[in-house]
Amino acid sequence: MKPFPVPSNVSVKPPELIAHRGYALRYPENTLPSLRAAIRAQARYLHFDVQMTGDGVPVVLRDADLWRTAGVAGNVLDMSLAEVMQVEVNETDRLGSRFTSVHIPLLGEAVALLEEHPNVVAFVELKGASVNRFGVEPVVARVLEVLQPVLDRCVVISFDWLAIERAREAGAPAVGWVLEEWCEEARAIAERLKPEYLLCDYRMVPDDPGLWPGPWRWALYEVIDPELALALAVAGAEFVETTAIKEMLADRRMLTSRRRR
């Protein structure tokens, strides 16, 4: 989907903004400092990723491989929780020396943060590496167990449609499927699953015919430009994901519907 300017005579309802991996533009992604900073910026929605340690504990982390975020060799899927807790994910290659001693959060720590902020909703992504290694059933069961105190404010999402199907069967009140590709086979799966949310990279969406109609709500990523967010809202996206949550919310067009001048 190509970005386009919103006509000046169009009244735009801004999309809801999801803080993608917290305030990841300025903080180490998927960490408690990043999630807290997003909440301080008045984010109502968070998106964070979940992997499993080798001994079956869910942690908040995108890449199972630790090189990008921690600069160390190792794979969290092969490590015990005790080993994982020794790793610092300061993202020095991206953020320099600004952060030290930032650890990989337990999913339970993210749950505790959500308990402190009852108006925040979380999109909790089950990462494919963990699902493939440990199986759909064990991963879904363990993650839902940990999420139980805040499950009514969580949307369980995954690229793996079998995982979200199982999450729904196991009691998740809302699920979302993240599209890996835009094709008729994916559309058929979506129509069968009827998830509450469909998520994808906005660049995957063709200009014609655009977003698929259905019982779901669309969330498009990765957006750091308010003008683009408004254009995607006009195209039918009710949510956009952003790593730049503070900057996006600072634009008053993201806060209220108004007629553009």
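Here, each number is a calculation from the coordinates, and none is a lab measurement. Please read all numbers here as calculations on a predicted model, not as lab measurements. Every residue, glycine as well, gets a Cβ built from its backbone with ideal geometry; the counts of neighbours run over all protein chains shown.
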(request) Run the quick spin-label model on E227 and N119: label points 7 Å from Cα toward the beta carbon, then report their separation in nm to one decimal. (result) 3.1 nm
(request) Determine, from the Cβ-Cβ distance of Q148 and R36 and an R0 of 22 Å, the FRET efficiency 1/(1 + (r/R0)^6), rounded to the nearest 0.05. (result) 0.50
(request) Could you please tell me the mean projected area of the C-alpha convex hull for the chain, averaged over all directions and given in square nanometres to one decimal? (result) 13.8 nm²
(request) Go ahead and run the numbers for FRET between E238 and D65, Cβ-Cβ distance against an R0 of 30 Å, rounding to 0.05. (result) 0.35
(request) On a 0 to 90° scale, report how tilted helix 136-147 is relative to the longest principal axis of the chain, with both axes built from alpha carbons and the result rounded to the nearest 10. (result) 80 degrees
(request) Enter the angle in degrees (range 0 to 90, nearest 10) between the Cα long axis of helix 184-193 and the first principal axis of the Cα atoms of the chain, meaning the one along which they spread out most. (result) 70 degrees
(message) For a test of understanding, tell me how many lysine pairs in the chain have Cα atoms under 25 Å apart, given they are 8 or more places apart or on different chains.
(response) 5
(message) Can you pull out the trypsin sites (Lys or Arg not before Pro) in segment 95-172 whose DSSP state is coil and whose Cβ has at most 16 other Cβ atoms within 10 Å?
(response) R98
(request) With a 10 Å radius around each residue's Cβ, average the other Cβ atoms per peptide and rank 247-254, 117-124, highest first. (result) 117-124, 247-254
(message) Tell me which GluC sites (Glu not before Pro) from segment 130-236 have a DSSP coil assignment and no more than 15 other beta carbons within 10 Å of their own.
(response) E180, E181, E222
(request) Can you tell me the FRET efficiency between K13 and S97 if r is taken as the Cβ-Cβ distance and R0 is 35 Å, rounded to the nearest 0.05? (result) 0.25
